[in-house]
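One structure is given below, encoded as structure tokens.
What follows is calculated from the coordinates using simple rules that are stated; it is not laboratory data. Note that the coordinates shown come from a computational prediction; the quantities given were computed from them, not determined experimentally. Because the Cβ atoms are built from the backbone with ideal geometry, glycine has one as well, and the counts that use them run over all protein chains shown.
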């Protein structure tokens with residue numbers, strides 16, 4: 001296994017990002033912060049990448065913040081600055097204008113649950129376990145969990161998950177909406193890559209801009225959303241992709257992107 005704590009590989013048009021601190025259940029530390037910042041920026045500027053799979057090494061997704069790290073200076077200010085630092089790469093991941101799929105094996109705990117839910121889609125192994133563990137150690141949820149979790153499962157269910165701090169196994173996670181599908185652990189990587197490859201021939205800029213708008217649906221009024229739609233639609237109409245797609249449509253030729261099968 002590489003010494004790098006964030007690994008990046010490519011399978012066709014799919015980038016696979018692996019959190020690689022298996023001895024710490026891939027807990028988030030400064031090396032992961034630096035690695036994720038670099039990797040996300042590289043993916044963002046790589047036009048050959050059409051989708052991203054995010055996973056963890058060693059049978060777990062992510063155990064959240066590394067509570068074993070030594071805290072220099074004043075603890076309160078250190079924690080505040082630490083969260084703001086990690087939020088920079090977390091925000092870049094959540095806003096990445098490419099489909100992102102979390103492949104969750106083992107534990108997604110605390111801020112690790114936040115990272116899993118930053119993706120557009122969550123594929124869980126049958127041994128996955130989701131835990132909002134913050135209350136167990138006297139913290140409120142962080143790394144935007146209180147933003148992403150209610151959008152996944154609804155406000156009341158999100159409160160139950162946070163207040164109980166209980167473990168949620170894969171099948172219940174699927175029923176609650178924390179996960180979108182569950183597959184055998186042995187097939188998780190292949191299932192996530194196959195899912196991501198459905199977007200290889202999709203218009204990347206179209207999916208990306210649609211994602212960016214939809215990510216803001218719940219805090220944007222209809223009028224403002226319509227203004228965003230109109231502006232982005234104008235950009236789409238001026239693209240070479242749209243010109244060729246429309247030419248094929250009127251010529252009754254095969255489309256550039258015929259769509260994909262139902263995702264779930």
Inset, instruction - Counting helices only, and only those DSSP H runs with n ≥ 4, report the 222 nm mean residue ellipticity of the chain as the sum of -39,500 (n - 2.57) divided by its residues, in deg cm²/dmol to the nearest 500. - result: -13500 deg cm²/dmol
Inset, instruction - Give the order of 43, 161, 123 when sorted by the count of other beta carbons within 10 angstrom, beginning with the fewest. - result: 43, 161, 123
Legend entry - the chain: angle of helix 188-197 to the longest principal axis, Cα-based, in degrees nearest 10: 30
Inset, instruction - Largest first and to the nearest Å, give the Cα extent of region 204-251 along each principal axis. - result: 40, 19, 14
Inset, instruction - Could you calculate the FRET efficiency of residue 251 with residue 210 from 1/(1 + (r/R0)^6), where r is the beta carbon distance between them and R0 is 25 Å, rounded to 0.05? - result: 0.45
Inset, instruction - Provide Rg and Dmax in Å for the chain, with only Cα atoms included in the calculation. - result: 19.2, 68
Inset, instruction - Would you list the P(r) distribution for region 1-88, with all Cα-Cα distances sorted into 10 Å bins from 0 and each bin expressed as a whole %? - result: 16, 44, 30, 9, 1
Inset, instruction - Just round it to a whole percent: the fraction of Cα-Cα distances in region 27-149 exceeding 19 Å. - result: 47
Inset, instruction - Report, to the nearest 10°, how far helix 75-94 tilts away from the longest principal axis of the Cα atoms in the chain, using its own Cα long axis and a range of 0 to 90°. - result: 20
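Counting alpha carbon pairs within less than 8 Å and at least 6 residues apart, what relative contact order, in whole percent, applies to region 172-264? Spell out each step's value before the answer.
Values: 30 pairs, mean separation 30.6, N = 93.
That works out to 33 percent.
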Legend entry - Cα centroid of region 1-46 to Cα centroid of region 80-130, whole Å: 12
Inset, instruction - Take peptides 223-235, 30-42, 55-67 and line them up by average Cβ neighbours within 10 Å, highest first, as a rough protection proxy. - result: 55-67, 30-42, 223-235
Legend entry - For the chain: relative contact order, % (alpha-carbon pairs under 8 angstrom, 6 or more apart): 17
Inset, instruction - Please report the relative contact order for region 102-225, taking Cα pairs under 8 Å with a sequence separation of at least 6, and give it as a percent rounded to a whole number. - result: 27
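Taking every pair of Cα atoms in region 128-264, average 1/r, invert it to obtain the Kirkwood radius, and report Rg/Rh to two decimals.
Details: Rg = 19.8 Å, Rh = 18.5 Å.
The Rg/Rh ratio comes out at 1.07.
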Inset, instruction - Specify the residue with the greatest mean-square fluctuation among 207, 28, 145, computed from a Gaussian network of the chain linking alpha-carbon atoms under 10 Å apart. - result: 207
Legend entry - Antiparallel content of DSSP bridges confined to the chain, in %, to 5: 30
